[in-house]
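The values are calculated or read from the model by the stated rules, or taken from the named source; none is laboratory data. The shown structure was predicted, so the numbers you read here are calculated from the model rather than taken from an experiment. No Cβ is skipped: glycine too gets one built from the backbone with ideal geometry, and neighbour counts run over all protein chains shown. Surface accessibility is based on the protein's heavy atoms, side chains included, excluding ligands, DNA and RNA. Shrake-Rupley method; radii C 1.70, N 1.55, O 1.52, S 1.80 Å.
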Amino acid sequence: MTGAFYKKVNIFAATLLIFSSVQAQQKHAGKKTAATNQGRYKLWYNEPAKTWTEALPIGNGFIGGMVFGNVQNERIQLNESTIWGGGPNNTIDSNARPYIDKVRVLLAEKKYAEAQELANSKLGPKGNSGMPYQLAGNLYIKFAGTDSVSHYYRDLDIANATAVVKYTSNGVNYKREYFTAFGNNVLMARLTANKPGMISCKLKLQSPLKSSVSVNGKETLVLSGQGSDHEGQKGQIKYTVLTRVKNSRGTCVTDTSGITIANADTAVIYLSIATNFVNYHDISANSMNRAEGILNKAYQHNFNELLNKHVTFYRSYFDRVKLNLGIDSSANKPTDIRIKNFANNNDAQLAELYFQFGRYLLICSSQPGSQPANLQGIWNGETKGPWDSKYTININTEMNYWPSEVTQLPELSTPLFHMIKDLSVTGTPTAKIMYGTRGWMLHHNTDIWRITGIVDGAFWGLWPTSNAWLSQHLWEHYLYSGDKRFLKEYYPIMKGAAEYYIDALQKEPEHGWLLVSPSISPEHEYIDGKNQVSVTAGATMDNQLVYGLFTAVIRAAAELHVDKVFADSLADYRSQLPPMQIGKHGQLQEWLEDFDRTDDHHRHVSHLYGLFPGNQISPFTQPQLFAAVKNSLNYRGDVSTGWSMAWKINLWARLLDGNHAYKLIKDQIKPVTGTSGGTYPNLFDAHPPFQIDGNFGCTSGIAEMLLQSHDGAIYLLPALPDDWRNGSVSGLMARGGFKVDITWINHKVVKLIVHSSLGGNCRLRFNKQMMSKLLMAANGANKNRFYQIMDLKTPIVKPGTQSVTPSLAKTWVYDMPTAPGKTYIIK
């Protein structure tokens, strides 16, 4: 019997008194910062964008725009999610299999340099290394009569997915409003002034790709373009950009030079983009017909009608989660200034803004029916963006979708799920031809054509474990949603990935372990110097990924009451995988042998996958591994590329160290200098250059600081930093279909609301003792089937390694039975 069953009236009354006092203080402060609160979710600036990373992103999953806000010559850079170089192809190497077998033999004989040399010479890209995601072009708006400008202001309102530019010139107040309409798939711009007849400008469409400009009818400006040839692949994407204007008074004339507007009161610009892309093997659509259909449908509605529909659609996603970390005078400054000052102030609301900005970017770059968010989401201003703006699946693609479940945006993973389904098709012949196996596989990179062969050479590209990581997203969606129809649809894909490993795993001669060979620990080498070596067998990340995949397929088969014999065989194979190992430095080994160095600051921390996003390393059931991960992370250091720091935020949150996680947030949200990561003025993450995964990873990390549900219970405020003393969050999701709202004061939970969509036991872990008739002391394993704890082998600890045991704060764990559709309030 715990103290949770006794009514401690004095403590509870004191808590209510503190809560009331803080509410009163916040209410009083709110009177002084009302204007600031109105702009709580705005990125704003007092000058135009000088560079692409100062421009503001708008998008609806299909089309994207970067708004620069220049006074005399406005630029809106345009994207459409299916404009890529090349055309349908795959990159299967029909000559690879005998060389893969030879590399396996060399690795088993520990002839590492020879294995790398053979892999480098014989296991490179076949034909190409993937096609680039490309821009559509630019919409330019050149204005007349803007000699002197004052009161300049531009913003991106992420609460409504709109952008605004305002300024005063020659006594006239001008305003431009932009959005990319959800539901109607057009980019909209409205140009207004506070005096009649003051809108005079010229619109032009331009693209650096192969393109031409024409006029359709009397009103519509047409840009016809084509994706680029690339690495021997002919550009086969054809696209059409259409622009038409509605003006109030004045004149509007369209010809091949552009659209000229003179002396109008208002001008509303409608812009559509469409391509001939149907799917990865079909490009038979008519881009002009598609673009016309979209534009004509939207043109029937006025700006406000489309705007209201757009905002309603967008907020149905955005408003699901609210975060309040407090607000102070720092929020009165332009966003670029806040970024510069963040390291040395208490602007916690900037972290809150960054959290919600990540959700904004996911809503705007990944919608059901669109392509998944790529390395730049949907925003790329180049004909060949950084790393081709493709899908890098050794971390970056997965990181893009880390926030989707926990921040209540599960529908936005649909494009990822559809891509996984495509890859299970294109990756089947790859598995058979290159590796001689059943099932499906791919390497570390793919594109819109769903290629599955080796990309960028063996040193980075000989990583065959992407299928296991992608399959984990399918299983996680089921853990959050309990959607049996979804699991039934995607179970064959998970099973196919498992079948690949049953056939591909190699027996290690010394211990008889089953290993992934050949492979790498992503983008890292274990022998440095003149002859670098990355190719290996049994890398820790691979072992964790395959262990997690086999476990997920075993549990999925049980949920669906299918394939018991297959599941039993997987359990046998799983038992033969290597255990994790703690090396001579007290670290979690990255490779099968103890090659780690304490001065290694590589950006990838792949071997820590088992802590996050995996769920294999727990402070409560695997304390030695937990401490070893902490040692590894300390050796790697904090400051790195942007996405790497974002991953580390999640890892430090899982290590239950909120102050260190917040230190990483401060390291990430800082101006970009040199080659280290940071944040551009428009809040885009910097690798550098821009990679959107850091934005998504940081959003996920902040959620992990506030709520975790991977380790047998829902842990409330597991990694709350000292600086976030008081606050609240609502709408975060936990596995098992639980939606959670938390209010805390002095770092302690004072109010908890749990909505249960699926019912079942709700096990809650607190950092303080709680008193509620709804709660009972937890005992034994959690009976909720969505909260099974991973059963791991005992780790191997190398002789001479110092004791590695973590120091953990005391926690209290309670159970609460729930019914489907019911809400429970604990104060």
Does G780 qualify as being touching a residue at least 60 places away in the same chain (Cβ under 8 Å) and either farther than 27 Å from D657 by Cβ or assigned to a loop (DSSP other than H, G, I, E, B) (or both)?
no
If we keep only residues of the stretch 82-141 that are among the β-branched types (V, I, T) and touching a residue at least 60 places away in the same chain (Cβ under 8 Å), then the residue surrounded by the most Cβ atoms within 10 Å (Cβ to Cβ) is I83
Say whether the condition of being among the polar types (S, T, N, Q), touching a residue at least 12 places away in the same chain (Cβ under 8 Å) and crowded, with 19+ Cβ neighbours inside 10 Å is met by at least one residue in the stretch 802-816.
no
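Mind telling me which of the residues G694, G701, G737 ends up being open to solvent by less than 10 Å² (accessible area, probe 1.4 Å) and either aromatic (F, W, Y) or on the phi > 0 side of the Ramachandran plot (or both)? Explain how you work it out, then say what you get.
Details: G694 fails: either aromatic (F, W, Y) or on the phi > 0 side of the Ramachandran plot (or both); G701 fails: either aromatic (F, W, Y) or on the phi > 0 side of the Ramachandran plot (or both).
Going through G694, G701, G737 in turn, the sole match is G737.
Name the residues in the stretch 770-797 that are farther than 20 Å from S618 by Cα and open to solvent by less than 60 Å² (accessible area, probe 1.4 Å), would you?
Going residue by residue through the stretch 770-797, those that are farther than 20 Å from S618 by Cα are 770-777.
Listed by number, the residues that qualify are M770, M771, S772, L775, A777.
Given the criteria at pLDDT 95 or above, among the basic types (K, R) and under 29 Å from the mean Cα position of the chain (by Cα), does K507 qualify?
Values: at pLDDT 95 or above: yes; among the basic types (K, R): yes; under 29 Å from the mean Cα position of the chain (by Cα): no.
Taking the combined requirement at face value, the residue does not satisfy it.
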Of all residues being of a type in the set (D, E, K, R) and open to solvent by 30 Å² or more (accessible area, probe 1.4 Å) in the stretch 142-154, which is nearest to M188 (Cα to Cα)? Just the residue, please.
K142
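Here is a yes/no grid of residues against (1) more than 21 Å from T180 (Cβ to Cβ); (2) among the polar types (S, T, N, Q); (3) surrounded by fewer than 23 Cβ atoms within 10 Å (Cβ to Cβ):
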{"site": "G369", "(1), (2), (3)": "no, no, yes"}
{"site": "G377", "(1), (2), (3)": "no, no, no"}
{"site": "N380", "(1), (2), (3)": "no, yes, no"}
{"site": "G385", "(1), (2), (3)": "no, no, yes"}
{"site": "S389", "(1), (2), (3)": "no, yes, no"}
{"site": "T397", "(1), (2), (3)": "yes, yes, no"}
{"site": "W402", "(1), (2), (3)": "yes, no, no"}
Among the candidates S330, S370, single out the residue that is in a helix (DSSP H, G or I) and hydroxyl-bearing (S, T, Y).
S330
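Test of understanding: among L412, L423, L442, which residue is modelled with pLDDT of 95 or more, under 26 Å from G736 (Cα atoms) and either among the aliphatic types (A, V, I, L, M) or not in a loop (DSSP other than H, G, I, E, B) (or both)? Before you say what the answer is, go through the steps one by one.
Working: L423 fails: under 26 Å from G736 (Cα atoms); L442 fails: under 26 Å from G736 (Cα atoms).
Within the list L412, L423, L442, the selection yields L412.
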Just one of the numbered conditions (1) without any contact (Cβ under 8 Å) to a residue 40 or more places away in the chain; (2) open to solvent by 50 Å² or more (accessible area, probe 1.4 Å); (3) not in a loop (DSSP other than H, G, I, E, B) is not true of A567; which one?
(2)
Exception for T465 within (1) over 28 Å from L706 (Cα atoms); (2) among the β-branched types (V, I, T); (3) out of contact with any strand residue (DSSP E or B) (no Cβ under 9 Å at 6 or more places or on another chain) falls at (3)
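Filter the stretch 262-279 for residues that are of a type outside the set (S, T, Y) and crowded, with 23+ Cβ neighbours inside 10 Å; which is farthest from W84 (Cα to Cα)?
Only one residue fits best here, namely A264.
Do we have any residue at all in the stretch 281-301 that's over 35 Å from the mean Cα position of the chain (by Cα), part of a loop (DSSP other than H, G, I, E, B) and surrounded by 15 or more Cβ atoms within 10 Å (Cβ to Cβ)? First the steps, then the outcome.
Taking the stretch 281-301 as the starting set, the residues that turn out to be over 35 Å from the mean Cα position of the chain (by Cα) are 300.
This time we only want the ones that are part of a loop (DSSP other than H, G, I, E, B), so: 300.
Those left that are additionally surrounded by 15 or more Cβ atoms within 10 Å (Cβ to Cβ): none.
Within the stretch 281-301, none of the residues are over 35 Å from the mean Cα position of the chain (by Cα), part of a loop (DSSP other than H, G, I, E, B) and surrounded by 15 or more Cβ atoms within 10 Å (Cβ to Cβ).
Sort out which residues of the stretch 182-235 are of a type in the set (D, E, K, R) and modelled with pLDDT under 95, and write them in order of number. Show your work before the answer.
To start, the set of residues in the stretch 182-235 that are of a type in the set (D, E, K, R) comprises 190, 195, 202, 204, 210, 218-219, 229, 231, 234.
Correct list: K218 only.
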If you check V729 against the conditions, is it open to solvent by 10 Å² or more (accessible area, probe 1.4 Å) and either over 16 Å from G821 (Cβ atoms) or not hydrophobic (A, V, I, L, M, F, W, C) (or both)?
no
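Output the number of residues of the stretch 719-777 satisfying the condition of being among the acidic types (D, E) and either in a strand (DSSP E or B) or at pLDDT below 95 (or both). Talk me through it step by step, then tell me what you get.
Of the residues in the stretch 719-777, the ones among the acidic types (D, E) are 722-723, 741.
After this cut, where a residue has to be either in a strand (DSSP E or B) or at pLDDT below 95 (or both) as well, the list is 741.
Selection size over the stretch 719-777: 1.
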Could you list, in sequence order, all residues of the stretch 592-605 that are more than 16 Å from T801 (Cβ to Cβ) and out of contact with any His (no Cβ under 7 Å at 6 or more places or on another chain)?
L592, D599, D600, H601, R603, V605
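Output yes when any residue across the stretch 583-605 is in a helix (DSSP H, G or I) and surrounded by 16 or more Cβ atoms within 10 Å (Cβ to Cβ), and no when none is. Spell out the reasoning first.
Here is the first cut: in the stretch 583-605, the residues in a helix (DSSP H, G or I) are none.
Within the stretch 583-605 (the criterion being in a helix (DSSP H, G or I) and surrounded by 16 or more Cβ atoms within 10 Å (Cβ to Cβ)), the answer is no, since none of the residues qualifies.
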Between V245, V253, V278, which is free of Cβ contacts under 8 Å to residues at least 60 places away in the same chain and farther than 30 Å from L191 by Cα?
V278
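Looking only at the stretch 655-700, how many residues end up being outside any helix (DSSP H, G or I) and either in contact (Cβ under 8 Å) with a residue 12 or more places away in the chain or within 14 Å of N396 (Cβ to Cβ) (or both)? Give the derivation first.
Here is the first cut: in the stretch 655-700, the residues outside any helix (DSSP H, G or I) are 655-657, 669-692.
Filter once more, so that each one left must be either in contact (Cβ under 8 Å) with a residue 12 or more places away in the chain or within 14 Å of N396 (Cβ to Cβ) (or both): 655-657, 669-672, 675-692.
Number of matching residues: 25.
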Provide a single number: the residues in the stretch 518-555 that are open to solvent by 10 Å² or more (accessible area, probe 1.4 Å) and either assigned to a loop (DSSP other than H, G, I, E, B) or over 18 Å from P464 (Cα atoms) (or both).
12
With the checklist (1) farther than 23 Å from K102 by Cβ; (2) open to solvent by less than 10 Å² (accessible area, probe 1.4 Å) in hand, flag the one item Y500 doesn't pass.
(1)
When restricted to G457, G427, G436, the only residue open to solvent by 10 Å² or more (accessible area, probe 1.4 Å) and under 23 Å from Y491 (Cα atoms) is G436
Within the stretch 155-180, tally of residues that are open to solvent by less than 10 Å² (accessible area, probe 1.4 Å) and touching an Asp or Glu at 6+ places or on another chain (Cβ under 8 Å)
4
